[in-house]
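I have placed the structure first, in the form of C-alpha cells, so that the comments after it can refer back to it.
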Amino acid sequence: MIITITLILASCSQQGQNNFKNSSEAIEAFQKNIKDVDTHSIKSKNETTVDFQDRKTKLRQNSYGRTNHHDKLSFNVEQSSNTKEFKTRDKSIFIDSNEIKSSPKTKYLNYHAQNAEIDYYQKIGQDWFDLTTFNQSLLKPIEDDVTIKDNTLSYEGTDSVMKYLYQLGYSQSPLIDQESLNNINDLKIKKGKFNLTFQEDKTLPKKLTFDIVATGKIKNETINIHMKQTTQFYKFNNTKVKPYKNLTENNYK
C-alpha cells in the first residue's frame, strides 16, 4: 500500500512538468506553444548605467504591458534617473485598433500626428510582446549552444542574440525617450548573458533575466552602457487587455 501511494504521488508530481532531453527539444516545444497564445501580460525592471562625456548616469524603468496580439495594447511605464540632465516621465498608453488614449493626455495637431504615435507604440508593442520574433531572434540562432538545467535556458556571448536582447531592453528603458542618447551608432556587445525560465506546466516563458555590457558612438564620442533587466511573463490566454488605472485616473498629468 505504501509503495503504491508513493508511486502515485511521484507520478502526479511529474504531470504537467517540463522534462526536456536537451535545449533543442525545449525550444521546439516553445515554438509550438506560442502558436496557441492569444493574450499575455509582462512586467519588467530595467536598470541601465550610461557612461558618456565623463558623466555616469543611472536610468531605471518599470514596465507593465498587456496585449491580445491583434489590435489591443496597454502600457504603463515608470521612469527615474539619478540626474536632472536626463529628464524622465511616467506614462500610460492604451491602443484599441486606431484609437489611442494616454496619460499624460496628448493633443495632436492633426490625425497624421495621432496615427504616427499609434504606429510608434504598435512598433514598441511588437518589441515587447512578439513571441515569434523572440523565438527566432533569441533562441533559434543558439539552439545548439544554449545550456539547459531544469526549466531554465542559459547562454553567454556577444553575438546577434545579445544585440536582440539589447534592443528589447532599450525599448523598456528610459534610453528610448532620451533625445541626446537616441542615436547610438557602431554598437558593440562586449559581454552578455541571459537566463530564460519556462513555466512549470507549459513551455512558455516565465522569467527572463539578462546582463549586457556594450559600447557605441554618439557623434564620434564613445558611450559605455551596462544594461540589466528582469522580465516576468504571465496570464497567458487569461489577460484582459484594458487601460491601467494610472490612465483611467489620469495620474500622469
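Cα to Cα, under 18 Å, and not fewer than 8 places away if on the same chain: which lysines meet these conditions relative to Lys149? Those lysines meeting the cut-off are Lys21, Lys140, Lys193, Lys202, Lys206, Lys207. Specify the residue with the greatest mean-square fluctuation among Ala26, Ala116, Ala214, computed from a Gaussian network of the chain linking alpha-carbon atoms under 10 Å apart. Judging by the Gaussian network model, the answer is Ala116.
Pull out a ≥ b ≥ c, the square roots of the eigenvalues of the alpha-carbon gyration tensor of region 72-146, then state rounded if a/c is under 1.5, prolate if not and a/b is larger than b/c, and oblate in the remaining case. Since a/c reaches 1.5 but b/c is at least a/b, the shape of region 72-146 is classed as oblate.
Region 82-145 and region 184-253 have Cα centres lying 12 Å from one another. Under the shape rule built on the C-alpha gyration tensor, where the axes satisfy a ≥ b ≥ c, region 44-115 is prolate, since a/c reaches at least 1.5 and a/b is greater than b/c. Contact order for the chain, expressed relative to its length and based on alpha carbon pairs under 8 Å spaced 6+ residues apart, stands at 28 percent.
Within the accessible surface of the chain, defined with a 1.4 Å probe on protein heavy atoms only, the carbon and sulfur portion equals 45 percent. Restricting the GluC sites (Glu not before Pro) of region 48-156 to loop positions (DSSP other than H, G, I, E, B) with no more than 16 neighbouring Cβ atoms within 10 Å leaves Glu85, Glu143. Note on Lys101 and Lys253: their simple-model spin labels are 1.8 nm apart, each label 7 Å out from Cα toward Cβ. Ordering 47-58, 171-182 by mean Cβ neighbour count within 10 Å, with the highest value first, yields 171-182, 47-58. Full extension of the chain between Lys240 and Asn82 yields a length gain of 53.4 nm, computed as 0.36 nm times the residue separation minus the alpha carbon distance. Between the beta carbons of Tyr111 and Asp51, assuming R0 = 45 Å, the FRET efficiency works out to 0.60 to the nearest 0.05.
The values are calculated or read from the model by the stated rules, or taken from the named source; none is laboratory data. Given the structure is predicted, the values throughout are model-derived calculations rather than measurements. Glycine also receives a Cβ, built like all others from the backbone with ideal geometry; neighbour counts cover every protein chain displayed. Just so you know, the surface numbers come from the protein's heavy atoms only, side chains and all, with ligands and any DNA or RNA stripped out. Shrake-Rupley method; radii C 1.70, N 1.55, O 1.52, S 1.80 Å.
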